[in-house]
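Right, one structure below, let's go through it.
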Amino acid sequence: MNLVNAALTLEEPERVLPLLQRNERELPHDEAPPRHLSLLYQALQRPDDALAAIDRALHNKAEGRVRVLLLTSRANLLNAHGDRGAAVRTLEEALRVARALPQKLNMDRQVAMLEQQLTELKSAPPASPPRG
């Protein structure tokens, strides 16, 4: 993750993209490489690739706080893509996961933020999908 943070700080995410793509090929059942790739793809303004990487990380059994963060990112990407229904369902799942985590993880703030985001998303007027 330090490498990803450095690349994002330097605004050069493309420099570590090949390394993370190789890591994902070499570790096909690990959630970390696609999770990190999703951050790079978002920085590169490649939302479809970011969404696919998030889906791979979720499929690879991302759990706990990481799963909540991935689901939240997924919902934001879906909403930006104009798919509010899927974004709402994904936020609802993120909220269920966050609420089910042990109290010692102190997810109260995250749960409150998810509840607020979900309320705002449900009450917002329908958005037009981005033109591409």
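The values are calculated or read from the model by the stated rules, or taken from the named source; none is laboratory data. Not measured: the values here are computed from a predicted model. When we count neighbours, we look across all protein chains shown, and the Cβ atoms used for this are built from the backbone with ideal geometry, even at glycine. Just the protein is used for accessible areas: all its heavy atoms, side chains included, with ligands, DNA and RNA removed. Shrake-Rupley method; radii C 1.70, N 1.55, O 1.52, S 1.80 Å.
Points to keep in mind about this one:
- Alpha carbon convex hull of the chain, volume per residue in cubic angstrom: 116
- Projected label distance in nm at residue 115 and residue 63, using a 7 Å step from Cα toward the beta-carbon: 2.7
- Spin-label pair residue 5/residue 89, simplified geometry with 7 Å Cα→Cβ offset, distance in nm: 3.5
- Surface share of carbon and sulfur [accessible, 1.4 angstrom probe, percent] for the chain: 51
- Each part reduced to its alpha carbon centroid, region 62-132 and region 1-57 end up 20 Å apart.
- Secondary-structure-derived ellipticity at 222 nm for the chain, considering helices only, amounts to -22500 deg cm²/dmol, per-run term -39500 (n - 2.57) for DSSP H runs with n ≥ 4.
- Cα-projected label distance for residue 52 with residue 106, points at 7 Å along beta-carbon direction, nm: 3.9
- Think of a 1.4 Å ball rolled over the protein heavy atoms: the chain then has 62 Å² of accessible area per residue.
- J(HN,Hα) series, region 88-102, from Karplus relation 6.51 cos²θ - 1.76 cosθ + 1.60, nearest Hz, glycine and proline x: 4, 4, 5, 5, 4, 5, 4, 5, 4, 5, 4, 5, 7, 5, x
- Couplings for region 49-57, taken from phi via the Karplus curve 6.51 cos²θ - 1.76 cosθ + 1.60 with θ = phi - 60°, read 5, 4, 5, 4, 5, 4, 4, 5, 5 Hz in order; Gly and Pro are left as x.
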